[in-house]
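Worksheet: the structure to be examined is printed underneath.
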Amino acid sequence: MQDTATSLGDHTPKARILVMPASTRSVSLNQALGKLLTNRIRETGDRASLVHLAEYPMPMYDGDVEQRDGVPESAVRLVELVKEAEVLILVSPEYNGSFPALLKNTYDWMSRVDRRCLVGMTVMLASAAPGERGGRRGLDMLRTFMTNVHATVPDLMLAAGSLSLDGEGTIAGYDNNTITEFVDQAVSAARATTKS
């Protein structure tokens, strides 16, 4: 997936931030939040890419499938993309008080490519929901999982509640100051780890 952000034409290292919504629905609050975050990061002058997991299809992990067919090429491509980034932002809906099987399965296959693919990486967590809690319970579970795989998870999480989509699929009802704070931390984390 190509990064469509334009270069500012100077020699200052530009951060690479990967935004990955954990939803493949065609109309999704979390897809819309991911798009909003990507655009807001680009407005700061840093590079951001929005990953659509529908473009990286993987079967449910099964050791027999791996032995027969090998690791999906989509998992290899996704690991390569993640390794190019300084910060990964996971935008995850809450399913039954946890995070989606899609996200767990994606990591399961990625770990078969490189079991250390997220070790030490800054992984920021966000969620969008129509309810007031904004998917907070799912983020708490996701934080535990990301910590268990040795990612670096900042304290700040974005649980954006009471949201909706307008007629054009654009997210509405978010608090601008909360979005700005989250984006600023992501950009700062990326700039702190970007190598010249």
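The values are calculated or read from the model by the stated rules, or taken from the named source; none is laboratory data. Since this is a predicted model, take the numbers as computed values, not measurements. Heads up, the Cβs are rebuilt from the backbone with ideal geometry, glycines too, and the neighbour counts pull from every protein chain shown.
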message: Just the residues that are aliphatic (A, V, I, L, M), assigned to a helix (DSSP H, G or I) and either in contact with a helix residue (DSSP H, G or I) (Cβ under 7 Å, 6 or more places away or on another chain) or within 16 Å of ASP184 (Cβ to Cβ) (or both), please, taken from segment 23-61.
response: LEU36, LEU37, ILE41, LEU53
statement: VAL119 fails exactly one of (1) buried (at least 21 other Cβ atoms within 10 Å of the Cβ); (2) farther than 17 Å from SER23 by Cα, namely (1)
query: Does SER188 fit the bill of being out of contact with any Pro (no Cβ under 9 Å at 6 or more places or on another chain), without any contact (Cβ under 8 Å) to a residue 60 or more places away in the chain, among the small types (Gly, Ala, Ser) and more than 26 Å from GLU55 (Cα to Cα)?
result: yes
query: Looking at segment 63-70, is at least one residue modelled with pLDDT of 95 or more, of a type outside the set (Asp, Glu) and not in a helix (DSSP H, G or I)?
result: yes
task: Given the conditions (1) more than 18 Å from the chain's Cα centre (by Cα); (2) surrounded by 17 or more Cβ atoms within 10 Å (Cβ to Cβ), report the number of the one that GLU168 does not fulfil.
output: (2)
task: Taking SER127 as meeting all but one of (1) in a helix (DSSP H, G or I); (2) of a type in the set (Gly, Ala, Ser); (3) crowded, with 22+ Cβ neighbours inside 10 Å, write down the number of the exception.
output: (1)
query: Taking the condition under 20 Å from ARG143 (Cβ atoms), at pLDDT 95 or above and part of a helix (DSSP H, G or I), does MET20 pass?
result: no
- prompt: Does segment 90-113 contain at least one residue that is on the phi > 0 side of the Ramachandran plot, of a type outside the set (Val, Ile, Thr) and assigned to a loop (DSSP other than H, G, I, E, B)?
  reply: yes
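So, of the residues in segment 85-105 that are small (Gly, Ala, Ser) and touching a Lys or Arg at 6+ places or on another chain (Cβ under 7 Å), which turns out to be surrounded by the fewest Cβ atoms within 10 Å (Cβ to Cβ)?
Taking segment 85-105 as the starting set, the residues that turn out to be small (Gly, Ala, Ser) are 85, 92, 97-98, 101.
Retained after the next criterion (residues that are touching a Lys or Arg at 6+ places or on another chain (Cβ under 7 Å)): 85, 97.
Values: ALA85: 23, GLY97: 10.
Only one residue fits best here, namely GLY97.
Would you call ARG191 farther than 23 Å from TYR56 by Cβ and within 17 Å of the chain's Cα centre (by Cα)? Walk me through how you get there before you give the answer.
Values: farther than 23 Å from TYR56 by Cβ: yes; within 17 Å of the chain's Cα centre (by Cα): no.
Judged against the criteria, ARG191 is not a match.
Which of the following residues is exposed (fewer than 11 other Cβ atoms within 10 Å of the Cβ), of a type in the set (Asp, Glu) and free of Cβ contacts under 8 Å to residues at least 40 places away in the same chain: ASP155, ASP175? If you could, list the steps in order and put the result at the bottom.
Values: ASP175 fails: exposed (fewer than 11 other Cβ atoms within 10 Å of the Cβ).
Residue meeting the stated conditions: ASP155.
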query: If you check every pair at least six apart or on different chains, which have Cβ atoms under 9 Å apart with a residue in segment 141-152 that is closer than 14 Å to LYS104 by Cβ first and a residue that is part of a helix (DSSP H, G or I) and of a type in the set (Lys, Arg) second?
result: PHE145/LYS104
query: Counting only residues that are more than 14 Å from the chain's Cα centre (by Cα) and either closer than 17 Å to GLU84 by Cα or among the charged types (D, E, K, R) (or both), how many does segment 21-55 have?
result: 7
task: Could you tell me which residue of segment 130-140 is surrounded by the fewest Cβ atoms within 10 Å (Cβ to Cβ), considering only residues that are over 16 Å from the mean Cα position of the chain (by Cα) and touching a residue at least 40 places away in the same chain (Cβ under 8 Å)?
output: PRO130
